[in-house]
């Protein structure tokens, strides 16, 4: 499924099998997760994608000619030479390659990946169930680490990433408060089922002061809302790659050593640590599976808020 221009539906296409270069693997794609970042690319909110482009960066598949199962995440390669790479911050690399953005991704039957950037996946997850781990899980895990170790955690937007982070936070002994679109009973029910202490609309007041909040929804107006709900010294983490403008807010919301930060991409260390956690704790992913040719339908379900949990394309 190919993006030929931003703002246009993906088009089915028959393409030659990609050819791996030195240090690369040819991967037979079994499943690929649907991510809000894919929406931002398709809708033209992220600029300068490779065109034409095969989107998708939550790839689960097998290395061609072997039974080795691998996961291919968003960070497809870092340069290894810039000051960020040299200081173990490859997520901020000056010359990165991103799967499904600057190189073709996994909305396809075959993909190419750098062998040094693929991840081994916990064996207990099926292909479709493992796909959301590769961005929703990874970015959520990095966001959780940046949020600190406070007891009371707010999650704004309860979709693919939040439903995974909720389970990790509960396994760590935290209390989770889930904020959804107003009236989203399905997401609120899933949050409670996965262990959230409370779930309600984003316009509702928090039942307790938050030690930290992670904002997964791409809505800038949630930043002052999360600050308003936060205790002294709290951190508000903006986990998306794109967000609408943050409105002006009074300094008193930030005072008392509250802070706001963003999350950018991931590192291989994030991936290795999170896959160990995912394989160890009682973590499950809630997925809706679509056939590859229904990618536009899946993206539209995500765009409109009809999707609960994570969407995954079956690419076999």
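The values are calculated or read from the model by the stated rules, or taken from the named source; none is laboratory data. These figures come from a predicted structure and were not determined experimentally. When we count neighbours, we look across all protein chains shown, and the Cβ atoms used for this are built from the backbone with ideal geometry, even at glycine.
The set of residues from region 232-268 being out of contact with any strand residue (DSSP E or B) (no Cβ under 6 Å at 6 or more places or on another chain), in contact (Cβ under 8 Å) with a residue 24 or more places away in the chain and farther than 26 Å from residue 41 by Cα comprises 232, 233, 249, 253, 254.
Using the structure shown, decide if residue 122 is part of a loop (DSSP other than H, G, I, E, B), surrounded by fewer than 20 Cβ atoms within 10 Å (Cβ to Cβ) and at pLDDT below 95. Criteria not met by residue 122. Of all the residues in region 269-289, those that are closer than 30 Å to residue 221 by Cβ and either in contact (Cβ under 8 Å) with a residue 40 or more places away in the chain or not assigned by TED's automatic domain parsing to the domain that holds residue 117 (or both) number 5.
Here is the figure for region 172-191: residues that are out of contact with any helix residue (DSSP H, G or I) (no Cβ under 8 Å at 6 or more places or on another chain), farther than 18 Å from residue 230 by Cβ and either touching a residue at least 24 places away in the same chain (Cβ under 8 Å) or surrounded by 24 or more Cβ atoms within 10 Å (Cβ to Cβ) (or both) total 4.
For the criterion of being farther than 20 Å from residue 138 by Cα and in the same structural domain as residue 146 (by TED's automatic domain parsing), residue 249 passes. When 85, 166 are checked against the criterion of being in a helix (DSSP H, G or I), farther than 19 Å from residue 25 by Cβ and touching a strand residue (DSSP E or B) at 6+ places or on another chain (Cβ under 6 Å), 166 stands alone in meeting it.
Within region 88-115, the set of residues being touching a helix residue (DSSP H, G or I) at 6+ places or on another chain (Cβ under 8 Å) and in a helix (DSSP H, G or I) comprises 90, 91, 92.
Scanning region 73-118 for residues that are within 14 Å of residue 61 (Cα to Cα) and either without any contact (Cβ under 8 Å) to a residue 24 or more places away in the chain or surrounded by fewer than 21 Cβ atoms within 10 Å (Cβ to Cβ) (or both) yields 109, 110, 112, 114, 115. Taking region 293-316 as the range and being in a strand (DSSP E or B) and surrounded by fewer than 20 Cβ atoms within 10 Å (Cβ to Cβ) as the test, only 314 passes. Are any of the residues in region 45-62 assigned to a strand (DSSP E or B), in contact with a helix residue (DSSP H, G or I) (Cβ under 6 Å, 6 or more places away or on another chain) and closer than 20 Å to residue 293 by Cβ? Checked region 45-62: at least one residue is assigned to a strand (DSSP E or B), in contact with a helix residue (DSSP H, G or I) (Cβ under 6 Å, 6 or more places away or on another chain) and closer than 20 Å to residue 293 by Cβ.
For region 126-148, the condition holds for no residue, the condition being that it is out of contact with any strand residue (DSSP E or B) (no Cβ under 6 Å at 6 or more places or on another chain), over 27 Å from residue 264 (Cβ atoms), free of Cβ contacts under 8 Å to residues at least 24 places away in the same chain and not assigned by TED's automatic domain parsing to the domain that holds residue 290.
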